[in-house]
Ligand SMILES: [Zn+2]
């Protein structure tokens, strides 16, 4: 995650154009809308200070439809998404997993219709995040979600994966920790709430770690075949370590120090004992039956779960 530049949109011009060419009903409220835009601007670092007002209820539908249906806003939508994707290579900064193709109203348009077409309030996001974010963004003035236009993210590592390998034949155990090293600033608390509300810990551990381990396994498998041909199979550990380090560093440079994919690699690099054992098991499994080790482990895990359900143990 990283802070990115706001889109190059002239919000007052956009509002004027919508009033004059699409929804004249909005025009008498223009001044009040601009006051609310200014309030947003002044509270960029303290968005929890902004509360909803009833002033715009009579034109709520006009404002919402200006966002949903007007061709004038559609032009801006493309600019906002392109501007964002240029800075993030299309990655959703809300989950760091999906591709960005939708806009999320940081302040929901149902409750804050005046921010329906206000560009700093429109955060590019993936479909899954947009679906799961919901409309509740604060409780007791505590903000749930980070905002990549307004938040200064820590420039140190706080996302850590730790790997251990239990006795032979069982799946690697993975832990995920958020460690801010005693930093209790507002943004670290928002990050923790964001992980909790978006269930990122569970999703990373359940959905992305097995896939990443499987990819690394594929690399080890390919490397092993080449080294056998070259007759230097004892170099496998050093070569895999160098490969993972170089990938980890490239990913951190591109997506930031806390990009989950880079942090998984860093977790493996940090624990050389685990990596060594991981490679050993893949190689010996490869030689025995040629079946993917991770797939094997996942199947075994699944069998245990099924047996638990079947026999109640
Ligand atoms: Zn997302």
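The Cα trace of region 11-143 gives Rg and Dmax of 14.8, 43 Å, the first to one decimal, the second as a whole number.
With a Förster radius of 22 Å applied to the beta-carbon distance between residue 228 and residue 277, the computed FRET efficiency rounds to 0.65. What does the C-alpha gyration tensor say about the overall shape of region 7-67? Classify as rounded when a/c is under 1.5, otherwise prolate if a/b is larger than b/c, or oblate. Cα axes put region 7-67 in the oblate bin.
Here the residues 266, 202, 54, ranked from fewest to most Cβ neighbours within 10 Å of their Cβ, fall in the order 54, 202, 266. The angle between the Cα long axis of helix 236-255 and the longest principal axis of the Cα atoms of the chain comes to about 0 degrees, rounded to the nearest 10. With a simple spin-label model that places each label point 7 Å from the Cα along the Cα-to-Cβ direction, the separation between residue 152 and residue 20 comes to 3.9 nm.
If you find the alpha carbon centre of region 124-169 and of region 64-103, how far apart are they in angstrom? Centre-to-centre (Cα) distance: 19 Å.
Distance between the modelled labels on residue 132 and residue 186, one decimal in nanometres: 2.7 nm (7 Å Cα→Cβ projection).
Taking only Cα atoms, what is the 0 to 90° angle, nearest 10, from helix 293-311's long axis to the longest principal axis of the chain? Rounded to the nearest ten degrees, it is 80.
The order of 145, 106, 138, going from fewest to most other C-beta atoms within 10 Å of their C-beta, is 138, 145, 106.
Could you compute how fast region 106-237 diffuses translationally, taking Rh as the Kirkwood radius over C-alpha pairs and applying Stokes-Einstein at 4 °C with viscosity 1.567 mPa s? Give it in µm² per second.
After rounding, the answer is 70 µm²/s.
Using 0.36 nm per residue and subtracting the Cα-Cα separation, the extra length available between residue 175 and residue 206 on full extension is 10.1 nm. Shown for 268, 97: other C-beta atoms within 10 Å of each C-beta, ranked fewest to most, produce the order 97, 268. With respect to the chain, whose longest principal axis is taken over its alpha-carbon atoms, helix 272-289 is tilted by about 70°. Short-range pairs are left out: with C-alpha atoms under 8 Å and at least six residues apart, the relative contact order of the chain is 17 percent.
Using alpha-carbon pairs under 8 Å, 6+ residues apart, how would you state the relative contact order of region 11-143 in percent? After rounding, I find 25 percent. Modelled label positions at residue 32 and residue 5, each set 7 Å beyond Cα in the direction of Cβ, lie 3.5 nm from each other.
The sum of -39500 (n - 2.57) across all DSSP H runs of n ≥ 4, divided by the residue count of the chain, sets its helix-only mean residue ellipticity at 222 nm to -17000 deg cm²/dmol.
Based on the alpha-carbon gyration tensor of the chain and its eigenvalue square roots a ≥ b ≥ c, which shape applies: rounded if a/c is under 1.5, prolate if not and a/b is larger than b/c, or oblate? It would help to have the intermediate numbers written out before the result.
Numbers: a/c = 2.64, a/b = 2.38, b/c = 1.11.
Here the chain falls in the prolate category.
Shown is the FRET efficiency for residue 253 and residue 39, computed with R0 = 51 Å from the Cβ-Cβ distance and rounded to the nearest 0.05: 0.85.
Any read-out appearing in this document is the output of simple, stated calculations on the displayed coordinates, not a laboratory observation. Given the structure is predicted, the values throughout are model-derived calculations rather than measurements. Positions of Cβ are generated from backbone atoms using ideal geometry, with glycine treated the same way; all protein chains shown enter the neighbour counts.
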